[in-house]
1. If the requirement is being modelled with pLDDT of 90 or more and either of a type in the set (S, T, Y) or not assigned by TED's automatic domain parsing to the domain that holds G41 (or both), which of these qualifies: L298, L316?
2. Of the residues R191, R201, R207, R231, which single one is within 24 Å of T348 (Cβ to Cβ) and outside any helix (DSSP H, G or I)?
3. Check off (1) assigned to a loop (DSSP other than H, G, I, E, B); (2) in contact with a helix residue (DSSP H, G or I) (Cβ under 6 Å, 6 or more places away or on another chain); (3) among the small types (G, A, S) for A236 and give me the number that stays unchecked.
4. Give the residues of the range 242-299 that are of a type in the set (S, T, N, Q) and free of Cβ contacts under 8 Å to residues at least 60 places away in the same chain, sorted by residue number.
5. Counting just the residues of the range 159-180 that are of a type outside the set (F, W, Y) and farther than 26 Å from R144 by Cβ, which one comes out farthest from the chain's Cα centre (by Cα)?
6. If you take the residues of the range 336-367 that are of a type in the set (S, T, Y) and at pLDDT 80 or above, which of them is farthest from A187 (Cα to Cα)?
7. If you go through the range 158-179 one residue at a time, do you hit one that is in contact (Cβ under 8 Å) with a residue 12 or more places away in the chain, surrounded by fewer than 17 Cβ atoms within 10 Å (Cβ to Cβ) and either aromatic (F, W, Y) or part of a strand (DSSP E or B) (or both)?
Amino acid sequence: MEIVTGPNLKEAYRKVRLMYGEDAAILGTRTVTMRSANGLGQEKMVEVTLGKAEAAKPGLPPAARTPARDSRGAAEKKISAMGEPALQQAISAELDRIDGLMAEISRDLQESRKPAVSDLESGLGGALAAAGTSGGTIARLAQRYAAESGQEFQDGPRARQWLARQIPAADCGWDGFFGCHAFLGYARPQRLELVLSTCARFQEMGRKTLLLIMLPEHEGTIKRLQVEAARYGYDAAIIRNPDQLQRCREHFDQYDAVLLEMPDLDAPVMSESPVVHDWLAGNAGFHRHLVVPLDYDLADGNELTTQGRHWNCDWLAVSRPARFKRTGKLLDILEKMPLPVSLAAYRTDNRTEVEIAHGDALLGAVLTDGSPEMIDAVLNDIMPGRDG
């Protein structure tokens, strides 16, 4: 079977005819809810299921295929003419040549990534270094800026505007943030703070909200959930068994926003139970947020990147723990995990505040100590004439 998706039935049928012709066998249609291609919401789509639908894939003309086949035949004749020792020697020499070439490329790459002293001591690179961004990240940004603009990485409105565009973010308002969202990561206490604050924000806006916490680690988490849900008036529930996930799904359409807080990625249930992964992967309407605290050890970044791919995460949510001042580390994280940032959480007055991420505001936080006045000054520099 094949499935064709379109924004409405007419467009889906048009795509069927275009891809499979007028004789395509249509078995059925249904309306599904899917993640928005851009933004944090959802959209209704129509799926058309086809039987015996093999797309016609234009092949290369015989004339275009013949040389490749002839070349392969010539290579096979050449190899067969060589004796076994000579063949092994030739293979060994070729492997040595490839190893040498890779080593040379690696040396050149490492050399190109060394930040110039001027990049770290002055200009925009110096400001990023003072904020805690690594020298390697600054060097790569300076190289990209020079390649695109033909200018050095000096501080100023133009360079700051360019750098803000390098920070992928949701760049929408809260009115565009709705639907189903799953939050994954390792630092569960910080992730839970971010999720609870987001639910409170939704409820204050009048959104009908459901929060699900899967396999809480202790009774304190359950008590906290009860207190917060009663305080703000949203619905909440505990998922104690992965098999409950499927039964929960039928209630999601009753809510404007559904937030699912998952166990840590290294919890046994996340790796040992295929039910969890299959269920989340099978719900195309879910946005998946990989929550990363700014104090995350980047030495473990490859593991987190692998997990993000395994769980098909499409967003990065950033939390900043209390007293963490190296805001420039955000740029290092984005170098490791190039996902758009959905939410940014920070601590203030003993509570967690959360905002939808905007590239210019994130840059403002990186280049300042985080105070609203200094961030506002940076934003005025990036967006002259803005209101407020």
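1. Values: L298 fails: modelled with pLDDT of 90 or more.
L316 is the lone residue from the list that is modelled with pLDDT of 90 or more and either of a type in the set (S, T, Y) or not assigned by TED's automatic domain parsing to the domain that holds G41 (or both).
2. On the way: R191 fails: outside any helix (DSSP H, G or I); R201 fails: outside any helix (DSSP H, G or I); R231 fails: outside any helix (DSSP H, G or I).
Result of the check over R191, R201, R207, R231: R207.
3. (1)
4. Of the range 242-299, the ones of a type in the set (S, T, N, Q) are 244, 246, 254, 271, 273, 283.
Q244, Q246, Q254, S271, S273, listed by residue number.
5. We begin by selecting, within the range 159-180, every residue of a type outside the set (F, W, Y); these are 159-161, 163-173, 175-176, 179-180.
Filter once more, keeping what is farther than 26 Å from R144 by Cβ: 173, 175-176, 179-180.
On the way: G173: 19, D175: 21, G176: 18, G179: 17, C180: 16 Å.
Across the range 159-180, the extreme among qualifying residues is D175.
6. Residues of the range 336-367 of a type in the set (S, T, Y): 342, 346, 348, 352.
Still in the list and also at pLDDT 80 or above: 342, 346, 352.
Details: S342: 17, Y346: 14, T352: 15 Å.
Going through the qualifying residues, I end up with S342.
7. yes
Quick grid of which residues meet (1) in contact with a strand residue (DSSP E or B) (Cβ under 9 Å, 6 or more places away or on another chain); (2) under 29 Å from L128 (Cβ atoms); (3) not hydroxyl-bearing (S, T, Y):
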site: A164; (1), (2), (3): no, yes, yes
site: F183; (1), (2), (3): yes, yes, yes
site: R201; (1), (2), (3): yes, no, yes
site: K208; (1), (2), (3): yes, no, yes
site: P216; (1), (2), (3): yes, no, yes
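The values are calculated or read from the model by the stated rules, or taken from the named source; none is laboratory data. These numbers were taken from a predicted model, which means no experiment stands behind them. With ideal geometry, Cβ positions are generated from the backbone for all residues, glycine too; neighbour counts draw on all protein chains shown.
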